[in-house]
Amino acid sequence: MLTPEEIRKEMLGASEVSVSIMNQIHHERLLQIWVPKIYGGLGFRLREGLSVLFDWSKIDGSLGWMLTLCSGANFFSRNLQPNIAKELFSNQETCFGGSGMIGGTAEKQGDGTFTINGLWHFATGAPHLSHFTLNAKLTENGNPLLDESGSEIIRSFVIPKDQVEIISNWKSMGMKATGTYSFKVDHVKVSEDYSFVYDKFFTDDVLDKIPFRIFADLTLLVNYLGMATHFSDEAIKIRPQLNLNAFNQKIEGKKETLLRFANEIEVLLNDCEIISNEKQLEIHDFSTDAVKSLSHQILEIYFQLGLRATHTDSVIYQIFCDYFTATQHSNFRREFDFVVLDI
């Protein structure tokens with residue numbers, strides 16, 4: 001088994017997660033932390049899974065991000081019909097991933113299948129996925145199918161990787177090893193059995209009831225906290241005289257609050273309580289503020305590290321690029337009015 005330091009060395013400057021690291025991930029079934037045990041997954045509780053994601057994002061930002069989003073996509077095992085989920089996840093290397101956008105159409109056929117066409121962006125982990133997930137508008141004879149309220153019907157589908165064309169078009173400064181690419185589907189026939197709806201579950205577990213907004217907030221926030229921890233560790237190596245105690249304490253405090261939220265949510269759901277909009281907003285505001293605060297502090301520290309921190313082959317530079325690429329995820333961005341200051 002690779003040590004965290006060995007993994008870090010492999011990830012430095014990497015454009016893709018290596019075979020050896022992926023083998024370890026599959027061996028430990030880390031992509032299936034949210035898959036129920038009845039399907040062969042680890043079935044972790046929320047706090048337990050968040051702790052694992054923190055540890056891996058602390059090792060490397062790209063690696064933690066890929067694990068978070070791919071294990072999050074495997075959460076959809078709960079939305080699939082049980083016989084399909086058991087079939088797919090009997091293989092420990094089954095890995096879902098895809099796009100949350102609506103990028104194509106699913107033309108309904110007379111034999112209970114759909115023909116999928118379209119282009120989707122930002123599928124994290126694309127080189128390592130066994131199946132791609134996508135959202136498509138349902139059509140019949142070329143016309144949109146509508147629900148009772150007159151809105152277009154959207155359905156999610158699972159498609160094997162050999163029926164998908166991956167488009168390697170990631171150009172951002174960081175997160176280069178996440179394998180976040182676009183993908184195209186051209187006249188692929190899919191059985192209705194391999195479709196699902198986000199809020200319809202075939203399992204009976206407390207995690208089924210977690211609002212998606214909370215799940216997204218907490219699983220993404222641990223990545224920022226993990227990368228910030230890694231940044232602090234490397235910064236002190238460059239400038240040992242820096243006092244980063246307050247920064248480290250802030251990270252640890254945010255992590256403790258996050259895990260406390262995780263415990264609170266599970267207790268409420270175990271007691272069959274509904275998670276109020278107020279609680280969801282509290283968690284979202286906390287997470288958004290935490291990322292904003294960490295970002296400003298990382299910048300302040302970076303300003304004090306000197307030219308060594310700008311070397312494109314350095315660990316600190318990679319962490320910096322990974323972190324600030326991750327901050328561009330829409331989940332924690334707030335709309336605000338720009339103020340132009342005279343300099």
**Asked** Hey, what's the chain come to in accessible area per residue, 1.4 Å probe, Å²?
**Response** 49
**Complete:** The helix 61-74 Cα axis meets the longest alpha-carbon principal axis of the chain at an angle in degrees, between 0 and 90 and rounded to 10, of 20
**Message:** Accessible area of the stretch 225-343 with a 1.4 Å probe: how many percent of it is carbon plus sulfur?
**Reply:** 53
**Asked** For the Cα atoms of the chain, what angle does the longest principal axis make with the long axis of helix 315-326, in degrees from 0 to 90, nearest 10?
**Response** 40
**Asked** What is the Cα radius of gyration of the stretch 185-343 over 2.2 N^0.38 Å, N being its residue count?
**Response** 1.33
**Prompt:** Arranged from highest to lowest average of other beta-carbon atoms within 10 Å per residue, in what order do the peptides 5-11, 174-180 appear?
**Reply:** 174-180, 5-11
**Message:** Taking the full set of protein chains and a 1.4 angstrom probe, give the accessible area of H26 in square angstrom, rounded to the nearest 10.
**Reply:** 20
**Prompt:** Using all Cα-Cα distances in the stretch 130-178, what percent lands in each 10 angstrom bin from 0 up to the longest?
**Reply:** 20, 31, 30, 16, 3
**Asked** With charges set only on the Cβ (+1 for Lys and Arg, -1 for Asp and Glu), what does the dipole of the stretch 161-305 come to about its Cα centre, in debye to the nearest 20?
**Response** 880
**Asked** Regarding the stretch 45-182, what whole-number volume in Å³ per residue does the convex hull of its Cα atoms give?
**Response** 148
**Request:** Divide the volume of the convex hull of the Cα atoms of the chain by its number of residues and quote the answer in cubic angstrom per residue.
**Result:** 165
**Size of the stretch 211-284 as Cα extents on the principal axes (Å, biggest first)** = 51, 18, 17
**Request:** With the full set of protein chains in place, find how many percent of the accessible area of the stretch 1-155 is carbon and sulfur; take the probe as 1.4 Å.
**Result:** 51
**Asked** Between Rg and the Kirkwood Rh of the stretch 74-147, both from Cα atoms, what is the Rg to Rh ratio?
**Response** 1.01
**Prompt:** How far is helix 46-59 tilted off the main Cα axis of the chain, in degrees rounded to 10, range 0 to 90?
**Reply:** 50
**Asked** Once Rh for the stretch 1-104 is found with the Kirkwood sum over Cα pairs, what is the Stokes-Einstein diffusion coefficient at 25 °C and 0.890 mPa s, in µm²/s?
**Response** 171
**Asked** Between rounded, prolate and oblate, where does the stretch 184-248 land on the alpha carbon gyration tensor, with a ≥ b ≥ c its root eigenvalues, rounded for a/c under 1.5, else prolate if a/b exceeds b/c?
**Response** oblate
**Request:** Using a 10 Å cut-off on Cβ atoms, rank the peptides 126-138, 199-211, 76-88 from the highest mean neighbour count down.
**Result:** 126-138, 76-88, 199-211
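The values are calculated or read from the model by the stated rules, or taken from the named source; none is laboratory data. Fair warning: this is a prediction, and the values are worked out from it, not measured in the lab. Positions of Cβ are backbone-derived with ideal geometry, glycine not excepted, and every protein chain shown enters the neighbour counts. Ligands, DNA and RNA are excluded from the accessible area calculation, which covers all protein heavy atoms including side chains. Shrake-Rupley method; radii C 1.70, N 1.55, O 1.52, S 1.80 Å.
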